[in-house]
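Asks: Just dropping this structure here.
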Amino acid sequence: MANKIKREKRSGQKIIALIFVFLSVFCIVFFAARGKFEAPATSQGLMLILSPFQSAVSWIGNKLGFITTTVNDVMTVHEQNKQLRVEVEQLRAQNLEASEFAAENQRLRALLDYKDAAKQFDLLAARVIGRESATWTSMVVINRGLADGLAVDMAVVTSMGLVGHLSEVGLNSSKVQLILDPRSSVGTLVQRPESRVAGIVEGDMNNPTMPRMVNIPKDADVQVGDVIVTSGFGGVYPKGIVVGHVKEVKNDEGGLLKYGVLETTVNFQKLEDVAVITVSREAPPEPLKPPPAEQKTE
């Protein structure tokens, strides 16, 4: 019982001491704020006792202020980084778009230059909008058709050379059979004046990206590096359009003929923009005439 009374007495003393400390601190702060406080000798002792607590409170306040400032700075940097990432993505997209426009302008400029140079042709620019997956190296689809005045068998070119001809024409789109197609047949000849050997260029199933110039006599003057152009025979392809150059010359299986493996001047892997020859003022070549019959002498 006595211990209980002592404990209660000590608790009461602690409460009174805390109230006294609280009131003392309040008075000190109040009078200091008003600028009218002069600490007596007894208060100075109290301040000496309270100074460690004040230092602790000041240290905790500084740390809390530092933490708050740091958190605010981190949040600000995080938001700035988010904004910068968005801006970087926007700039990257704009850069890609600008690069695409630059590449397209370069291709169209090349077609325009070709149009200015090839005065004998009326050209209609078109864009490749599709490829048939089953015949990827044989057929492409362009965004021009009957509404643009196109018709079947019109030749298709780029500034680099021959692409193929229109095999099907719809209202607003058309199919182009490429010269890489094994079913295609292009009358050609060697451009070199000393040769002028004629042949037919057709696609090769065993080498889809490199067509062949076939039906060449074994003793004909065809050399590696010769430029091959259209001959104009057949009425589909005007004369003088570059097809490619001879990469290799091989003997045919029969032994009487040979053929040339061609590297096309058109890069069919990157075919995006083409031009359709709607009108050709190129005079067709004269038909081949058989040699005159020898007169028999009696």
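Asks: Please give, to one decimal in nm, the separation of the simple spin-label points placed at LEU256 and SER185, each 7 Å out from Cα toward the Cβ.
Replies: 1.8 nm
Asks: Report relative contact order for the stretch 199-253 in percent, whole number only (criteria: Cα-Cα under 8 Å, sequence separation at least 6).
Replies: Dividing the mean separation by the residue count of the stretch 199-253 yields 26 percent.
Asks: Sort 268-276, 147-155 by packing, meaning the average of other beta carbons within 10 Å per residue, with the highest value first.
Replies: By packing density, highest mean first, the sequence is 268-276, 147-155.
Asks: Where in the stretch 233-267 is the amide nitrogen less than 19 Å from a point lying 7 Å along the Cα-to-Cβ axis of GLN223?
Replies: Answer for this model: 244-251, 258-263.
Asks: What's the ranking of 246-253, 205-212, 121-128, 159-166 by average number of surrounding C-beta atoms within 10 Å, highest first?
Replies: Result, highest mean Cβ count within 10 Å first: 159-166, 121-128, 205-212, 246-253.
Each value in this text was obtained by applying a stated rule to the coordinates, not by laboratory testing. Keep in mind that what you see is a predicted model, and the values were worked out from it rather than measured. Don't worry about glycine lacking a Cβ; one is built from the backbone with ideal geometry, like all the others, and counts go over all protein chains shown.
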